[in-house]
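The next block holds one structure in the form of C-alpha cells; read it before the comments.
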Amino acid sequence: MKNKSFLGARVSQIILCLFCLSPRRKSAAISTSKAKIDSDSLFNLKGAWKNQKGEMSQLKSFSGKPILISMVYTSCAYSCPMTITEIQKIEKKLLSEKKFTNYQIVLASFDTEKDTPAQLKAYMKKRTLDEALWTFLSADKDSTVRELALVLGINYKRLADGDFSHSNILTLLSSEGKILFQVNGFASEADSKALTELLLKTVP
Amino acid sequence: MKIVRCVLIEKYKEKYLGLAALFMISGFFYSSAGESANKKTPFDKKGSLKNEVIQLPAGSIQSFWLEPLDKTEKSKANFQPTQLQISSFESQIYPVSNREFINFLNKNPEWQKESVSKLFADESYLNDFKDRLNLKKGVSLGAPVTYVSWFAANAYCESLKMRLPTTSEWEYMASASETKADASNDDEFLKRILEWYSEPQGAAVPKVGTVYKNLYGVWDLHGLVWEWVEDFNSNFVTGESREDSSLNRNLFCGAGALAGGNKRNYSAFMRFAFRSSLKGKSSVSNLGFRCVRSR
C-alpha cells in the first residue's frame, strides 16, 4: 500500500538523520554557520579574506583547530622572513618531537594592493610552506586588515614607498578563535616552549 | 640592503609625554569656551541636530614626524618635516552626538551596551548610558557620544556609508583656526588649544556646536572631545633617545627613522601620545568621533 511504503521511507529517513547527528570526533570541522561564537572570539570579525588558492573565507572558517596567526607581507625584507622562520621552528619541533599537526598556521597580509593570491602562493612555494598546515590570507579592503590588526594588538602603517611599518606579534588562538597566548617580537626559547606546550594542551 | 629605519619619539618624549600623562591621569576635560564666537545654534526647535557634511579642499600639512631626506642619513640633525598631501574629502561638521548614536543603536542592537561583543568594546563602553537606549541623568542628547570604542565608531560611520578620518585628514582639518587655513604655527591658536586641554572637568560634556567653528566650517575639533581616527594604531613609541642604540629591533619592522617634529606644537604631541595609548576596544570618557568620506 502507498501509506506503508511512505511510512517505511519516513522511518529510514529518520534513522539516517539520527546517524548524521550522532556525535563525531571533535577534531572534525564543525559547521560554523550554526556554531555559537563566543563574545570574545576573533570569529566575530566579519571581514572577507582570500587565501593563496583564491578561495574566499572569513576567519570563522578556521574554527575546529587551534591557530597560530601572525601578520606579514610578501615584499617585507626585514623581520617578516624571521617571523616565518620562527614559526617554522615551532612547526618542526611539534612534528619531530610529538608528531603533532592538529593545528593551523595563518599568515595575514597587510598589503591589500600587491599581495594577490598568486603572489601569496609564489611566496609559500619559495619558503616551502606546507599548504596542509599553512594558509596565507589577503584582504580586498584595508578596513578588514585594520580590524584584524586591532584585535591582535598589532600596530602598522603603510609608508609612501609601499612598504609597511609594523609590530610583530605571534598569537595562539583556541579552536574557537579566542586569544590564548601572544608573543611580542621574536619568540625566545621560553616563548617557543610555552607556545608548543599550550598547543599540545589544546588537543580535544 | 634595506636600511632598518625605526620610529622614535625623541628626547621630547621625556619632556612632553610625562606632562601628557599627567594631564590624562588627572582626567582633564574640556568645558565650553563659554560664549562662542559663532552663536547660531545647530539645534532646531525640537532639539534635533543636523550633522551636515561639508567639503574640505585638497591641501597639505606639515608631517608631525621628521624624516631624513637621504635615507642613509643617520644624524637626526638632518631630519626635515615633509609635506603630506591631503586629497579633497567631506566631513561631518559636528562630532557624532548622543542623539545620532541612539538612532544607530536602535537600528543595530548588536552595538547596544548589553549585547556588544567583548572583542569590540571594553567594560566602560557607553558608560553614559543607563541602559540600552537611554542616557544617564544629566547627560545631554546633544552632547558628543563618548565611551565608544573604535569598532563602534567605525560601525557607525559604515552605517552612513562613511568612514573614520585618517590621522592626516583629521590633523589637516584641525590645523585651521576660525580665520586661518593653517594655524599650526600660530602661537595664539596653539595656546588656546592647550588652555582648552587644561581646563578641569566640568559637570557634563557640553553640546556639540558650542566651542568654535573653523575656517572650513567644521566645528569643535579642539575643545570638546578627543576624536577617533582610522589609523590611530599606526605609530610606535620606543625607548629613551639616550638608548636608541639598544632599540629593540625585534619589535618592529621597516619603520621610517623619524623623530618628533614641530616642537612648538605641543598639543599635537599630546594627541599622538593619547592615540598611542589606545586599543581598538578602548572606551574613554572624553573620546568621541566624527565621520568623513572620500570624494
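The values are calculated or read from the model by the stated rules, or taken from the named source; none is laboratory data. All figures in this text were calculated on a predicted structure; none of them were measured in a lab. Neighbour counts run over all protein chains shown; Cβ positions are idealised from the backbone, glycine included. Areas reflect the complete protein model, heavy atoms only, side chains present, ligands, DNA and RNA absent. Shrake-Rupley method; radii C 1.70, N 1.55, O 1.52, S 1.80 Å.
Here are the numbers for the structure shown:
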item	result
Segment B:107-129: number of residues that are part of a helix (DSSP H, G or I) and surrounded by fewer than 12 Cβ atoms within 10 Å (Cβ to Cβ)	2
From A:96, A:70, A:57, A:79, residue being open to solvent by 20 Å² or more (accessible area, probe 1.4 Å), at negative phi and in contact with a strand residue (DSSP E or B) (Cβ under 8 Å, 6 or more places away or on another chain)	A:57
Subset of segment B:49-102 that is of a type in the set (Ser, Thr, Tyr) and modelled with pLDDT of 70 or more - its residue that is nearest to residue B:167 (Cα to Cα)	B:63
Residue check for residue A:101: in contact with a helix residue (DSSP H, G or I) (Cβ under 7 Å, 6 or more places away or on another chain), of a type in the set (Ser, Thr, Tyr), in a loop (DSSP other than H, G, I, E, B) and within 14 Å of another protein chain (Cβ to nearest Cβ)	no
Selected residue (criterion: nearest to the chain's Cα centre (by Cα)) from residues of segment B:280-294 that are farther than 11 Å from residue B:53 by Cβ and in a loop (DSSP other than H, G, I, E, B)	B:289
Number of the exception - residue A:124 against (1) within 12 Å of chain B (Cβ to nearest Cβ); (2) in a helix (DSSP H, G or I)	(1)
Members of segment A:101-132 found to be of a type in the set (A, V, I, L, M, F, W, C) and crowded, with 17+ Cβ neighbours inside 10 Å, listed by number	A:105, A:106, A:107, A:108, A:110, A:120, A:124, A:129
Residue list for segment A:138-151, filter: within 14 Å of chain B (Cβ to nearest Cβ) and touching a residue at least 12 places away in the same chain (Cβ under 8 Å)	A:141, A:142, A:143, A:144, A:145, A:147, A:148, A:149, A:151
Candidate set from segment A:138-151 (those that are of a type in the set (Ser, Thr, Tyr) and in contact with a Phe, Trp or Tyr (Cβ under 9 Å, 6 or more places away or on another chain)); member that is surrounded by the most Cβ atoms within 10 Å (Cβ to Cβ)	A:138
Residues within segment A:152-176 that are within 8 Å of another protein chain (Cβ to nearest Cβ), of a type in the set (A, V, I, L, M) and open to solvent by 20 Å² or more (accessible area, probe 1.4 Å), tallied	1
Number of the condition not met by residue B:213 [criteria: (1) at pLDDT 95 or above; (2) within 16 Å of the chain's Cα centre (by Cα)]	(2)
Subset of segment B:129-165 (residues that are within 14 Å of chain A (Cβ to nearest Cβ) and out of contact with any Phe, Trp or Tyr (no Cβ under 9 Å at 6 or more places or on another chain))	B:158, B:161, B:163
Top-ranked residue in segment A:177-195 [being closer than 23 Å to residue A:41 by Cβ and more than 14 Å from every other protein chain (Cβ to nearest Cβ); ranked as least open to solvent (accessible area, probe 1.4 Å)]	A:195
Helices (runs of 4 or more DSSP H) contained entirely in segment B:130-198, each with at least 3 residues that are hydrophobic (A, V, I, L, M, F, W, C) and in contact with a Leu (Cβ under 9 Å, 6 or more places away or on another chain)	B:150-159, B:167-174
Condition met for residue A:135 (more than 14 Å from chain B (Cβ to nearest Cβ), at pLDDT 90 or above, over 28 Å from residue B:276 (Cα atoms) and crowded, with 22+ Cβ neighbours inside 10 Å)	yes
Test result for residue A:65, away from chain B (no Cβ under 14 Å), open to solvent by 10 Å² or more (accessible area, probe 1.4 Å) and either in a strand (DSSP E or B) or of a type outside the set (Ser, Thr, Tyr) (or both)	yes
Any hit, segment B:124-141, residues being more than 30 Å from residue A:41 (Cβ to Cβ), modelled with pLDDT of 95 or more and within 17 Å of the chain's Cα centre (by Cα)	no
Given (1) free of Cβ contacts under 8 Å to residues at least 24 places away in the same chain; (2) in contact with a Gly (Cβ under 7 Å, 6 or more places away or on another chain), number of the condition residue B:158 does not satisfy	(2)
